[in-house]
Amino acid sequence: MRIAIDGPAGAGKSSVAREVARRLELKCLDTGAMYRAITLKALKEGIDITNSKLLGELARNCDMETEYDNKEGTLIYLDGENVTEKIRSPRVNKNVSIVAKSPELRRELVFLQRKLAEKSGGIVMEGRDIGTNVLINADYKFFLSASLEERAKRRWLEMKAKGLDVNYEDLLKEIAMRDRIDQEREESPLKIAPEAQIIDTTPYTLEEVIEKVLDAIRNDKIKEHGEEKIKIYHKESR
Ligand code: CDP
């Protein structure tokens with residue numbers, strides 16, 4: 001089974017994807033982590049992040065490994081180093097959407113993402129272009145959204161919990177800017193796949209959103225296979 005979850009920053013994709021994957025016993029991949037890892041490397045090497053071709057080469061020549069941990073989510077290694085924490089820095093946040101515009105870079109990463117999906121045996125993949133490009137034939141597609149203010153509030157609380165002192169207004173501006181760049185770029189911009197089920201998560205708790213996603217899958221399975229065969233999907237989620 002392949003499940004695509006797309007949406008803007010702070011809509012809850014990562015937490016939902018991780019938990020849906022755990023309960024359905026699938027693998028999970030946060031594709032944003034891959035764009036972040038390349039951003040980290042480009043900044044470290046002082047590469048011009050508007051040079052699309054150079055970014056593509058950087059991705060082609062680096063050693064990127066991802067690992068799925070059903071508690072931590074996607075762990076990412078770049079040239080042998082675990083950069084899972086480092087890719088969440090404010091500097092990476094600020095620059096990642098500019099880096100992610102590069103068509104050459106996107107081609108490299110999409111190739112890797114499709115390969116990972118192929119060998120996964122079943123995956124929940126989350127990002128911006130999963131349902132519209134990476135896994136165009138995904139069995140299920142979801143688009144998670146929430147108001148800008150709610151998304152900024154969630155991200156602010158998340159960062160505060162990590163001990164990071166960020167200004168809410170600055171965060172809101174940064175997310176709004178990232179939304180705009182992601183939606184306006186030429187190469188596979190952030191948009192809703194025609195078949196995607198849209199969930200506005202603004203009024204819901206994380207658990208409620210997870211249930212909505214699982215319900216959509218269960219209801220579809222019931223239609224397809226009948227009540228008995230889908231018991232597995234109830235196993236852990238109740
Ligand atoms: O976690 P958050 O929602 O802040 O962002 P992310 O999922 O880590 O993605 C970081 C950035 O990578 C996004 O703002 C996009 O610019 C880019 N991205 C992308 O272009 N395509 C993807 N499939 C995933 C991320």
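A few remarks follow.
- Filtered by the rule that a residue be part of a loop (DSSP other than H, G, I, E, B) and touching a Leu at 6+ places or on another chain (Cβ under 9 Å), the range 42-77 gives GLU45, ILE47, ASP48, ILE49, CYS62, ASP63.
Every residue, every condition in (1) within 18 Å of GLY7 (Cα to Cα); (2) surrounded by 20 or more Cβ atoms within 10 Å (Cβ to Cβ); (3) modelled with pLDDT of 95 or more, yes or no:
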site: ALA100; (1), (2), (3): yes, yes, yes
site: LYS115; (1), (2), (3): no, no, yes
site: VAL124; (1), (2), (3): yes, yes, yes
site: GLY127; (1), (2), (3): yes, yes, yes
site: VAL134; (1), (2), (3): yes, yes, yes
site: LEU148; (1), (2), (3): yes, no, yes
site: LYS153; (1), (2), (3): yes, no, yes
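- When LEU43 is tested against (1) in contact (Cβ under 8 Å) with a residue 60 or more places away in the chain; (2) more than 12 Å from the ligand (Cβ to nearest atom), only condition (1) is not met.
- Among the residues of the range 189-238, the ones that are at pLDDT below 95, surrounded by 15 or more Cβ atoms within 10 Å (Cβ to Cβ) and over 21 Å from SER15 (Cβ atoms) come to 2 in all.
- Residue in the range 31-41 that is buried (at least 24 other Cβ atoms within 10 Å of the Cβ) and not in a helix (DSSP H, G or I) present: no
- Qualifying residue in the range 172-187 (condition: over 24 Å from GLU85 (Cα atoms), in contact (Cβ under 8 Å) with a residue 40 or more places away in the chain, more than 10 Å from the ligand (Cβ to nearest atom) and touching a helix residue (DSSP H, G or I) at 6+ places or on another chain (Cβ under 8 Å)): yes
- Checking each residue in the range 103-148 for being over 22 Å from LEU78 (Cα atoms) and of a type in the set (Lys, Arg) picks out only LYS141.
For (1) within 14 Å of the chain's Cα centre (by Cα); (2) within 14 Å of the ligand (Cβ to nearest atom); (3) more than 23 Å from SER97 (Cβ to Cβ); (4) modelled with pLDDT under 95, each residue gets a yes or a no:
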| site | (1), (2), (3), (4) |
| --- | --- |
| GLY10 | yes, yes, no, yes |
| MET34 | yes, yes, no, no |
| ILE38 | no, yes, no, no |
| ASN70 | no, no, yes, yes |
| ILE76 | yes, yes, no, no |
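- Pairs are defined by a Cβ separation below 6 Å, a sequence spacing of at least 6 or placement on different chains, a first member in the range 152-166 that is in a helix (DSSP H, G or I), and a second member that is crowded, with 16+ Cβ neighbours inside 10 Å and modelled with pLDDT under 90; the pairs so defined are MET159/VAL166.
- Among residues of the range 114-153 being of a type in the set (Lys, Arg) and over 29 Å from LEU164 (Cβ atoms), the one that is farthest from the ligand (Cβ to nearest atom) is LYS119.
The values are calculated or read from the model by the stated rules, or taken from the named source; none is laboratory data. Everything quoted here is computed from the prediction, not taken from an experiment. Backbone-built Cβ (ideal geometry, glycine too); neighbour counts: all protein chains shown.
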